[in-house]
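A quick write-up on the structure given underneath.
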Amino acid sequence: MPRLIGVDIPNDKRTVIALTYLFGVGNTTAARICEALNLDPDRRAKELSDEELASLAVYLENNMNVEGLLRRTNAQAINRLRDIACYRGLRHRRGLPVRGQRTRTNARSRKGPKKTVAGKKSVKSLK
């Protein structure tokens with residue numbers, strides 16, 4: 001398995017698809033990288049030579065924020081929002097949707113599993 005920036009990329013996938021296994025590299029970016037380095041996007045990742053892998057690593061480190069640096073940047077941005085206590089920061093802190101989605105229904109992936117609250121007793125059961 002070829003290794004780029006600390007990530008094993010799959011052998012049997014096309015180079016364009018294998019590059020998307022890096023955090024911060026999507027389909028369009030992977031195609032642009034292949035074009036910039038004159039790599040054949042249809043070749044398999046295992047067919048890349050050591051020089052091509054080295055040039056890929058150098059290109060990614062010099063021109064893009066990927067993997068650890070990008071994760072760190074994202075975490076710092078969220079922590080900054082939390083520290084200044086803006087609306088978005090409060091939503092992050094409380095684990096609620098940040099971008100204006102409704103929370104009365106849905107939002108389960110952000111809020112977590114349901115926490116059932118005991119229902120009110122009816123008037124008939126009190127008699």
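The values are calculated or read from the model by the stated rules, or taken from the named source; none is laboratory data. Every value quoted in this text rests on a predicted model; they were computed, and no experiment measured them. For neighbour counting, all protein chains shown are included, and Cβ atoms are generated from backbone atoms with ideal geometry for every residue, glycine included. Note: areas computed on protein heavy atoms with side chains; ligands, DNA, RNA excluded. Shrake-Rupley method; radii C 1.70, N 1.55, O 1.52, S 1.80 Å.
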On full extension of the chain, what length is gained from D50 through R104, given 0.36 nm per residue of separation minus the C-alpha to C-alpha distance?
-> 14.1 nm
Sequence-separation-based contact order of the stretch 30-108, relative, with Cα cut under 8 Å and 6+ spacing, percent | 11
Considering the stretch 21-62, what Rg and Dmax in Å follow from its alpha-carbon atoms?
-> 9.9, 24
With each label point set 7 Å from Cα along the Cα-Cβ vector, what nm distance links A77 and I17?
-> 2.9
May I ask you to give the solvent-accessible area per residue for the chain, in square angstrom, as obtained with a 1.4 angstrom probe?
-> 74
Under 5 Å between amide H atoms, partner at least 5 residues away or on a different chain: which partners does L4 have, H built in plane at 1.01 Å?
-> I9
Do the sum for the chain: with -39,500 (n - 2.57) for every DSSP H run of n ≥ 4, divided by all residues, what is the mean residue ellipticity at 222 nm, to the nearest 500 deg cm²/dmol?
-> -13500 deg cm²/dmol
Quick one: how many Å² of L81 are accessible to a 1.4 Å probe, rounded to 10?
-> 10
What is the calculated FRET efficiency for V7 to I84, with r their C-beta to C-beta distance and R₀ = 25 Å, to the nearest 0.05?
-> 0.15
Determine the share of the stretch 39-127's accessible area contributed by carbon and sulfur atoms, expressed in whole percent, with a 1.4 angstrom probe.
-> 50
Stokes-Einstein D (µm²/s) once Rh is taken as the Kirkwood radius of the stretch 62-109 over alpha-carbon pairs, at 25 °C in 0.890 mPa s = 200
Kirkwood Rh, angstrom, the chain [1 / mean 1/r, Cα pairs] = 18.4
